[in-house]
Amino acid sequence: MPGFVIHIAIGQEYLKKHKMKYSKEFIKGTIAPDFTDDKTKTHYGKSPRYTNLKKFLDNNKIDNGYNKGIFLHLITDYLFYNYYITKIGKDGLYNDYDLSNKDIIQKYNVILLDEVKNKVFFKCGKPKTLTLELACRIIDEISSMDIDQIEAEVNQNLKRWNYYKN
């Protein structure tokens, strides 16, 4: 799954691009699924790599900013593993987050919530898998998507959004 900085950047950019007023509840939703030891429950699959969007929608309504933020988080994880990055180990990926956090924060003016300030780390060096260019592409593309349209497509069982039926 993407790190906290990427999730928050996507959330902040989503609000800007969709001309929505800043909502702290929405941004909290974009990081909420990762604040647990058992991500199978918050990602509705055996791991964030196997996030089941349909199962989330079957159990939740996207009727407030917080749930909309959670749904954006799950969309991000789903796309991250199924379209942007495949067959990689998480250890190297977590190191790449630490290497790119500072640049992403600066580029997108990311405002870290208090809940994550002690969970975001910074290292010097060049990321190996998640380059800054790829991270920016992920942030820009996902934040441009329409959550309501994705919700409709998931509910219509379009294959693009329903790889995992677990």
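So, residue 82, is that one polar (S, T, N, Q), modelled with pLDDT of 90 or more and either within 22 Å of residue 36 (Cβ to Cβ) or surrounded by fewer than 19 Cβ atoms within 10 Å (Cβ to Cβ) (or both) or not? No; evaluated as a whole, the condition is false for this residue.
Might you check whether a residue that is within 22 Å of residue 60 (Cβ to Cβ), outside any helix (DSSP H, G or I) and at pLDDT below 95 occurs anywhere in segment 145-153? No.
Take residue 101 and decide whether it is farther than 26 Å from residue 40 by Cβ and of a type in the set (S, T, N, Q).
Numbers: farther than 26 Å from residue 40 by Cβ: yes; of a type in the set (S, T, N, Q): yes.
The answer is yes for residue 101.
Within segment 1-30, the set of residues being farther than 14 Å from residue 113 by Cα, modelled with pLDDT of 95 or more and among the basic types (Lys, Arg) comprises 16, 17. Evaluation of residue 33 against the conditions (1) surrounded by fewer than 17 Cβ atoms within 10 Å (Cβ to Cβ); (2) modelled with pLDDT of 90 or more; (3) in contact with a Lys or Arg (Cβ under 9 Å, 6 or more places away or on another chain); (4) closer than 21 Å to residue 161 by Cα shows that the sole unmet condition is (1). Note on segment 115-141: residues that are farther than 17 Å from residue 73 by Cα and either at pLDDT 95 or above or of a type in the set (S, T, N, Q) (or both) amount to 3.
Out of 36, 76, report the one residue that is free of Cβ contacts under 8 Å to residues at least 24 places away in the same chain, β-branched (Val, Ile, Thr) and either farther than 20 Å from residue 11 by Cα or out of contact with any strand residue (DSSP E or B) (no Cβ under 7 Å at 6 or more places or on another chain) (or both). Please lay out each step first, then the result.
Numbers: 76 fails: free of Cβ contacts under 8 Å to residues at least 24 places away in the same chain.
That would be 36, the only listed residue that is free of Cβ contacts under 8 Å to residues at least 24 places away in the same chain, β-branched (Val, Ile, Thr) and either farther than 20 Å from residue 11 by Cα or out of contact with any strand residue (DSSP E or B) (no Cβ under 7 Å at 6 or more places or on another chain) (or both).
Once segment 115-163 is narrowed to residues that are basic (Lys, Arg) and touching a residue at least 12 places away in the same chain (Cβ under 8 Å), the residue that is surrounded by the fewest Cβ atoms within 10 Å (Cβ to Cβ) is 126.
Scanning segment 23-64 for residues that are under 18 Å from residue 142 (Cβ atoms), aromatic (Phe, Trp, Tyr) and over 14 Å from the mean Cα position of the chain (by Cα) turns up just one, 56.
The values are calculated or read from the model by the stated rules, or taken from the named source; none is laboratory data. Keep in mind that what you see is a predicted model, and the values were worked out from it rather than measured. So basically every Cβ, Gly included, is an ideal-geometry build from the backbone, and we count neighbours across all protein chains shown.
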